[in-house]
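Report on one structure; see the data block that follows.
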Amino acid sequence: MARFNIGDSVIYVNSNEKGIVTEVSPPARGRQLYRVSIHNEIKNCLESNLIPDTDLSDPFQRLRKGIFGSFLDFSRINTSFKIHNTSNNTISSLKASNTIFKAYQFKPLLKFLNSENHRILVADEVGLGKTIEAGHIMLELMARRELKNALIVCPKSLQEKWQMELREKFNFSFKIYDSSKDLISDIKERSGAIKAIVNYEKIRLPREIESKKHTKSQNLFEVIDEKNLKFDFILCDEAHRLRNHTTQTFRGAKKIMETANAVVFLTATPIMISEQNLFNLLQLLDEHKYTEYSTFQNEIVVNAPFVKALTQLNSQVLFSTILKDLEDSEVSLYYSSGEEYRVEWRKRSCIKDLFDGIPLYQKIVSDLKTKDDSPETRVQLQFDISDMSELNKIFSRTRKKEVTQDWSQAVREPHTLIVELFPEERIEFDAIIENYIDEKTYMDEYGNERMTQGGALGLVQKKRQVASSVYGYLNKVEDLDNNLDNYGSLRDAKFEELLKIIKQVVYKENKKLIVFAIFKKTLKYLNIRLKSEGIQSAIIHGGIDERTSEIEKFKFDDNVQVLLSSEVGSEGLDMQFCDALVNYDLPWNPMVVEQRIGRIDRFGQKASIVNIYNLVVKDSIQEDIYTRLLDRIGIFRGCIGDLEAILDKDLDRSENIGVRNIREWFKSLEKELYCTEISKEHRKEKIDAIERAIITEQKNLESISEGLTDTLTNDIYFKNEIENIQNNHRYVTEEELVNYVKILIRSKLTTCQLEILDEAELTYNLILPKSSPRVLINFLNEFQPQDSESIISFKRFINSIRERNSLKITFSQDVGYSNSNIIRINAYHPIIIAALQFFESQDLKADNTFQFALDKEVLKNNIEKGDYYLAIYSTTTIKKWYNREQKTELLLPILYDVHKGKVINDKNISEQFLGESQLYATANSSGLKIPDDLISELEYIFAEEIEFMESKNLQEQKMRLETHKKMQIQRKSEFYDNKINRQKNIIENSEYRLKTTFNQKERKNIESILPAQRKVLSNFEEEKDNVLRELNASEILSKSPQLLSLNHITVY
């Protein structure tokens, strides 16, 4: 007998589509056929493929009816969820950038996501990739749809670098604004939806705004106020430029930060050279928490024992030793008042007394006393101890010595080539200088020869140009531009040394070589000379428009083995595929030398030795500078440390040398040595003095930096968490993207083919049909999102594939990074984003039950074969803190073992099941009916388990909130009580003097100031009440957990 009648509403289980039975066919050979109207189209459907139309959004109802999606459906939905990601324990951008993957570069992102207000100061040592770390944060914000606009603030010299890095590594399109007028115009025209790069000058707060004077033209701050503009993201590179809180730039930054949803500061030198500077930066990031300098210093002091405990945990120190230090360590606290930070109150406390009644501290102490010393306990303690530190959430610092496993740093091998000019060159060299001096010299009224004021500056430049290249200088610019060298027949001593280097590096070792020179004429001259020797070279400098094409030529053209470059031309370049460079001339500023070497001595450099060749003219001032200064301070061996901090350190005025810092001292010394006749001994004294200053400041900086870092942060927990995200595939993996595209081709782009080229390297050929080659472009146009970033990236990609019948693509980050000729498909590529839009348009949200199989071999734990049910829940908590809301979303997998009849409580195993299923699951359609009593049991068990987990999580979150609330209340109360008591003393003193004095003038004076003193007291008391009220209003709220999917997994 037929199960359904005409007019019955049914669901076709293969596609979850609803339909109406229009005809019931006679049964045949034991099977029943129906004609069903689905979307106004009549289909023949077997009874076995139809179920009654009921609510199938409930996964347990779907389980009872035996409705399962396939593994491909599971893969598609999970990948879509990750691309859309808003979960705090998932990073969708983990391998999405065009960079070399380095795990530690995701530490700032993880801290940022877990911070209360999306603020962080990244203070990694030079060369560890702060730009890339910032890019990862921006990618993740984009994935979460939280990057509609953005502002990058950096020095003018770094604007193009930022624009290029964000475009090439992260596919972001940012515009550089040299004009405030253009910036304001675009903000108005695009309703604030801009991605802008500006220099620090643009965020200086005009004094007219502070004085409320009217100005003719609108400025940026007025437009921000007028449009009520909020930036989704603000980044300040070289943020130590904001360290002085008295400048208009600091005040402007403060005003703009108030409009930002997220802020990142980058600096390798946050202290520059005191804790006060670091406090100023942190105050910009979070003015609620960092209101007063002495409170901040107390936080650093209190933080030190906990940072030490983290180090001890990682070094396998006994729990009893860690406990003793965390209980018995003494700290000295103080509070100050006034601009001079005069100490008004001081106390010494034991850590256990200071944190008496603090819930998280009590938990740490209890765990150290009672829990077994296991890896799991140490990991939990790392998390708890890290959470005791407020600084740990807002401050991130990585040192090179901490990431040796991520970077085997090359050894710098300097080669000094002292070049003796040929006699004819020396004659020309001396003649040029003598003629210039004669031309710029005059006789004063006393008959003494003097150089004109401009002549002295010109002489420095003249000597540098001639020392760079005698014949390069003598040739006219127009001749060099026309590839003419009027001195090609003459011998050039420096060029001949360069040829020897080229023969060694290029011909014998078959490697590429970068040659740096300061002057364009030198570079153009070398280009012509090399051509005459049959050597092809690429050339980049500030006047070259085709910089990108020249670099591409050098990278990928085997015939082009030499790159001629100036500092300006090479700024921001990654040239780590080279392991040798030539300093054809040497800048005086060691920072410039370091930046040159940094083009090749950086992450991704695979060579164990980086060769640096320095050409130095014999018997020259340059030779003295090289041998007595640059070489001795270790610039060519990379052991000088943070050069920028050293060069910009304010010098002791007692040295009485007339300059503010070593950078200025260099300029002054260069001018003096080039423009005045002084003895060799005097020259030696001056160079030795600057060398001593550099080495002294190097040691001072290392001492301060190490000491401060050791009291600020220890990021062991975050390192472990990044490892967990990798191991459990809590990111959009490359293999998932391959499956995603395969599903797209199977369901939509059916006329396209994905041909395997190299399966190990995830490289494929996407073949478009000859009959309709525009099928991919049409698909992209149809499913392109309308946000500004998508419009730009889709347009760029579509234009690049027009008239093409096939696309060579790779899903591998490593392959995409090393070969820019292959199209890299990442989680944010237009093909993936369009696929996401297409799948969402299919209204497949009811798919929440899946069935598949998993090989026992891919599971690392000792898992038995059999049937398991994996429930994946999404939980949400909202933390209200300082009038801000922080939403935390987590994915929680719960695993039920059918054979054992219980939930597996080891969260590592359930995480592993979820992670490995996304990569290695296979189809499984056993057809076995699941007993109703088991489904009822699962419904009860999963409800009970998620309620328990949610309750436990909520209680823990409340305990952590209570911890930070009590700590802040304690610090704020002490701070305000100190100010209030001090003000009360002032008032009592005034009142006493009023009672005891008989001097009418003094009495009148006291009577006039007493109301103001009482008002100050009232303000302090009101401030304290408001702050404490705000803190006490903090709370944790939770939303009901959502069951995202229920999965039947057979382990075989």
>> Just to be sure I understand the filter: pairs with C-beta atoms under 7 Å, separated by 6 or more residues or on different chains, first member in region 995-1015 and farther than 21 Å from residue 980 by Cβ, second member surrounded by 10 or more Cβ atoms within 10 Å (Cβ to Cβ) and of a type in the set (Val, Ile, Thr). Which pairs pass?
In response: 1003/997
> Of everything in region 758-779 that's touching a residue at least 24 places away in the same chain (Cβ under 8 Å), more than 17 Å from residue 747 (Cα to Cα) and out of contact with any strand residue (DSSP E or B) (no Cβ under 7 Å at 6 or more places or on another chain), which residue is surrounded by the most Cβ atoms within 10 Å (Cβ to Cβ)?
Replying inline: 773
> Do you know which residues across region 523-566 are among the polar types (S, T, N, Q), crowded, with 20+ Cβ neighbours inside 10 Å and either within 32 Å of the chain's Cα centre (by Cα) or at pLDDT below 90 (or both)?
Replying inline: 565, 566
>> Restricting to region 433-482, give me the number of residues that are among the charged types (D, E, K, R), buried (at least 16 other Cβ atoms within 10 Å of the Cβ) and outside any helix (DSSP H, G or I).
In response: 1
>> Yes or no: region 68-76 includes at least one residue that is assigned to a strand (DSSP E or B) and without any contact (Cβ under 8 Å) to a residue 40 or more places away in the chain.
In response: no
> Looking at region 53-62, is at least one residue buried (at least 20 other Cβ atoms within 10 Å of the Cβ), touching a residue at least 60 places away in the same chain (Cβ under 8 Å) and touching a Leu at 6+ places or on another chain (Cβ under 6 Å)?
Replying inline: yes
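When residues of region 483-503 are filtered for being in contact with a Leu (Cβ under 8 Å, 6 or more places away or on another chain), surrounded by 13 or more Cβ atoms within 10 Å (Cβ to Cβ) and part of a loop (DSSP other than H, G, I, E, B), how many remain?
Our first condition is that a residue be in contact with a Leu (Cβ under 8 Å, 6 or more places away or on another chain); within region 483-503, this holds for 486-487, 493-495, 497-498, 501-502.
Checking which are surrounded by 13 or more Cβ atoms within 10 Å (Cβ to Cβ) leaves us with 487, 493-495, 497-498, 501-502.
So of that shortlist, the ones also part of a loop (DSSP other than H, G, I, E, B) come out as 487.
Going through region 483-503 one residue at a time, the tally reaches 1.
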> Which of (1) under 27 Å from residue 474 (Cβ atoms); (2) outside any loop (DSSP other than H, G, I, E, B) is the odd one out, the single condition residue 506 does not satisfy?
Replying inline: (1)
> Can you name the number of the only condition in (1) surrounded by fewer than 17 Cβ atoms within 10 Å (Cβ to Cβ); (2) under 30 Å from residue 388 (Cα atoms); (3) in contact (Cβ under 8 Å) with a residue 24 or more places away in the chain that residue 956 fails?
Replying inline: (3)
>> Given (1) in a loop (DSSP other than H, G, I, E, B); (2) over 25 Å from residue 160 (Cα atoms); (3) out of contact with any Phe, Trp or Tyr (no Cβ under 7 Å at 6 or more places or on another chain), identify the lone condition not met by residue 277.
In response: (1)
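Among the listed residues 48, 15, 80, 9, which satisfies the condition of being crowded, with 16+ Cβ neighbours inside 10 Å and hydroxyl-bearing (Ser, Thr, Tyr)? Give the steps one after another, and end with the answer.
Values: 48 fails: crowded, with 16+ Cβ neighbours inside 10 Å; 15 fails: crowded, with 16+ Cβ neighbours inside 10 Å; 9 fails: crowded, with 16+ Cβ neighbours inside 10 Å.
Answer to the selection: 80.
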>> Among the residues of region 740-757, are any in contact (Cβ under 8 Å) with a residue 12 or more places away in the chain and either at positive phi or within 28 Å of the chain's Cα centre (by Cα) (or both)?
In response: yes
> If you go through region 849-884 one residue at a time, how many are under 35 Å from the mean Cα position of the chain (by Cα) and not in a strand (DSSP E or B)?
Replying inline: 6
>> Checking the condition crowded, with 16+ Cβ neighbours inside 10 Å and in contact with a Pro (Cβ under 7 Å, 6 or more places away or on another chain), which residue from 892, 870 passes?
In response: 870
> residue 768 fails exactly one of the following numbered conditions: (1) within 28 Å of residue 174 (Cβ to Cβ); (2) among the hydrophobic types (A, V, I, L, M, F, W, C); (3) more than 30 Å from the chain's Cα centre (by Cα). What is the number of that condition?
Replying inline: (1)
> Which is at negative phi and without any contact (Cβ under 8 Å) to a residue 60 or more places away in the chain, of 158, 94, 109, 141?
Replying inline: 109
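Assess whether residue 811 counts as being surrounded by 17 or more Cβ atoms within 10 Å (Cβ to Cβ) and closer than 14 Å to residue 749 by Cα.
Working: surrounded by 17 or more Cβ atoms within 10 Å (Cβ to Cβ): yes; closer than 14 Å to residue 749 by Cα: no.
No: the conditions fail for residue 811.
Kindly check whether there is at least one residue in region 334-351 that is at pLDDT 90 or above, assigned to a helix (DSSP H, G or I) and farther than 30 Å from residue 907 by Cα. Reasoning before the result, please.
Residues of region 334-351 that are at pLDDT 90 or above, as a first pass: 350-351.
Cutting the leftovers down to assigned to a helix (DSSP H, G or I) gives us 351.
Remaining after also requiring farther than 30 Å from residue 907 by Cα: 351.
The answer is yes; a qualifying residue exists.
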>> Just to verify a result, which residue in region 230-249, among those that are surrounded by fewer than 21 Cβ atoms within 10 Å (Cβ to Cβ) and more than 20 Å from the chain's Cα centre (by Cα), is nearest to residue 136 (Cα to Cα)?
In response: 230
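Conditions (1) modelled with pLDDT of 90 or more; (2) outside any strand (DSSP E or B); (3) closer than 26 Å to residue 95 by Cα; (4) not aromatic (Phe, Trp, Tyr), marked per residue:
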{"residue": "145", "(1), (2), (3), (4)": "no, yes, yes, yes"}
{"residue": "163", "(1), (2), (3), (4)": "yes, yes, yes, yes"}
{"residue": "187", "(1), (2), (3), (4)": "yes, yes, no, yes"}
{"residue": "213", "(1), (2), (3), (4)": "no, yes, no, yes"}
> In region 509-532, which residues are touching a residue at least 60 places away in the same chain (Cβ under 8 Å) and either touching a strand residue (DSSP E or B) at 6+ places or on another chain (Cβ under 6 Å) or part of a helix (DSSP H, G or I) (or both)?
Replying inline: 512, 513, 514, 515, 516, 522
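Take the residues in region 193-211 that are at pLDDT below 85 and not charged (D, E, K, R), then tell me which one is surrounded by the fewest Cβ atoms within 10 Å (Cβ to Cβ).
By that ranking, first place goes to 211.
Per-residue answers, yes or no, for (1) in contact with a Gly (Cβ under 8 Å, 6 or more places away or on another chain); (2) closer than 18 Å to residue 984 by Cα; (3) assigned to a helix (DSSP H, G or I):
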site	(1), (2), (3)
1004	no, no, yes
1012	no, yes, yes
1017	no, yes, yes
1026	no, no, yes
1029	no, no, yes
1038	no, no, no
1041	no, no, no
1048	no, no, no
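The values are calculated or read from the model by the stated rules, or taken from the named source; none is laboratory data. As the structure is a prediction and not an experimental result, all values here were calculated from the model. Don't worry about glycine lacking a Cβ; one is built from the backbone with ideal geometry, like all the others, and counts go over all protein chains shown.
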